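Visitor: Structure provided below as structure tokens; questions to follow.
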Amino acid sequence: MYDDLDHRIVHGLCCAPRSSFRRLGEIIGVSEQTVARRYNALRRAGVIRVVGLHSPIGRGRGDWIARLRCRPDAAGPVADSLARRPEVGYTSIASGGSEIICAIRSTAGRDDVLLRQLPKAASIRDMSVDLLIHSFSPPGTAGWTGGKRSLTGEQLRQLAAERLAPTGPPLAPTDEDRPLFDTLAEDGRASHTRLAEVTGWSTARVARRLEALEAGGSLTYGVDILAERLGYELNAVLWLQVDLPELHRVGEELGRHDESAFVAATSGKHNLMAIVVCRDTADFYRYLSGPLAEIHGIRGYEISVRAHRLKQSVSLIHQGRLIHPALG
């Protein structure tokens with residue numbers, strides 16, 4: 001069982017993935033040792049993974065959301081195959097067992113084999129692939145936050161100040177950076193000492209290189225979380241139809257909801273999507289009939305309850321635990 005302190009630590013890491021245990025403890029109001037012990041227990045249990053991500057340099061990168069309708073007997077194998085591809089994230093099978101939902105990352109100038117091959121698969125009866133045009137995530141609140149059990153606005157502001165936005169020119173990684181990226185992909189909180197060991201550099205050089213890669217935007221950090229292990233069992237995607245003049249306002253309102261893990265405008269007939277996390281069915285109904293219903297400008301919606309999740313952003317989900325893709 002995980003308590004409010006675990007939720008606050010998770011939320012703090014979503015805002016500042018590499019913040020020190022000492023700093024997190026100061027902001028949350030507990031000791032450095034307590035934060036370290038709780039985090040390490042969450043990580044060993046496969047509830048949370050902090051990962052370093054290589055972000056392609058330059059324009060033309062696109063994030064897509066795909067909905068694939070398959071034969072029920074084929075949905076599992078197709079979803080498993082997709083989840084194992086590095087450019088695919090957030091893979092799940094919706095209730096009913098015939099719809100697969102996943103995110104696909106692509107870059108201009110690259111032959112996007114996956115996007116070309118999907119329509120040819122005999123087991124896929126129908127599909128839609130829509131561009132994610134704009135995400136509505138208030139600064140410092142990336143990812144699911146645990147709702148009312150999370151940090152205060154002032155605590156968020158303190159942590160957000162430690163997560164610097166890219167400010168320098170794009171910096172392309174070199175072959176020398178490969179051990180650095182490989183280690184951070186396994187553990188995004190790897191210490192400078194550990195990174196010095198795998199690269200053969202000094203800790204001072206590691207610190208300078210991390211700062212340069214982060215400033216150029218080629219190194220970012222993500223936090224994968226299994227919300228059901230924290231007591232939030234229902235995970236659903238809302239596909240919303242919103243009047244165009246109201247799109248930004250509605251997206252902003254949805255993004256501020258405690259239940260929202262991700263909200264984005266899309267290019268599809270449902271021009272807004274939201275991933276919401278609730279405790280159970282009753283909590284989900286309270287959200288639909290309350291906070292969501294109070295937003296004006298929504299003309300229609302569909303719901304896909306994510307019945308079986310196979311992958312978060314980069315981590316596979318195996319036997320109720322987040323694991324490194326190489327272990328899957």
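The values are calculated or read from the model by the stated rules, or taken from the named source; none is laboratory data. Please read these numbers as outputs of a predicted model, since none were measured by experiment. Areas reflect the complete protein model, heavy atoms only, side chains present, ligands, DNA and RNA absent. Shrake-Rupley method; radii C 1.70, N 1.55, O 1.52, S 1.80 Å.
Visitor: Take the eigenvalues of the Cα gyration tensor for the stretch 259-328, scale each by 5, and report the square roots as semi-axes in whole Å, largest first.
Guide: After scaling each eigenvalue by five and taking roots: 28, 16, 9 Å.
Visitor: Further question: Pick from P173, P245, P72: which is most flexible by mean-square fluctuation in a GNM of the chain where alpha carbon atoms under 10 Å apart are linked?
Guide: For the chain, modelled as a Gaussian network with Cα springs under 10 Å, the answer is P245.
Visitor: Now for a separate question. Would you work out the relative contact order for the stretch 1-62, in percent, from Cα pairs under 8 angstrom that are 6 or more residues apart? Mind dumping the intermediate values first?
Guide: Values: 29 pairs, mean separation 16.0, N = 62.
Here the relative contact order equals 26 percent.
Visitor: Around L53, which amide H atoms from residues at least 5 apart in sequence, or from another chain, sit under 5 Å from its own amide H, with H modelled in the peptide plane?
Guide: Hits under the 5 Å cutoff: T220, Y221, G222.
Visitor: Residues with amide H under 5 Å of L132's amide H, sequence separation 5 or more or different chain, H placed in the peptide plane at 1.01 Å from N; which?
Guide: D63, W64, I65
Visitor: Given a 1.4 angstrom probe, I'd like the percentage of the accessible area of the stretch 151-191 that is carbon and sulfur, rounded to a whole number.
Guide: With neighbouring chains kept in place, the figure for the stretch 151-191 is 55 percent.
Visitor: How large is Rg over Rh for the stretch 1-41, taking Rg from the Cα atoms and Rh as the Kirkwood inverse mean of 1/r across Cα pairs?
Guide: In the stretch 1-41, Rg relative to Rh is 0.91.
Visitor: Sorted from largest down, what three extents in whole angstroms do the Cα atoms of the stretch 158-250 have along their principal axes?
Guide: 54, 36, 30
Visitor: Oh, and also: So between E26 and T167, what do we pick up on full extension, going 0.36 nm a residue minus the alpha carbon distance?
Guide: 48.0 nm
Visitor: Leaving out ligands, DNA and RNA, and with a 1.4 Å probe, what % of the accessible surface on the stretch 1-41 is carbon or sulfur?
Guide: Details: 840 of 1780 Å².
After summing per-atom areas, the C and S share lands at 47 percent.
Visitor: The chain: Rg/Rh from Cα coordinates, Kirkwood Rh?
Guide: Checking Rg against Rh, the ratio lands at 0.95.
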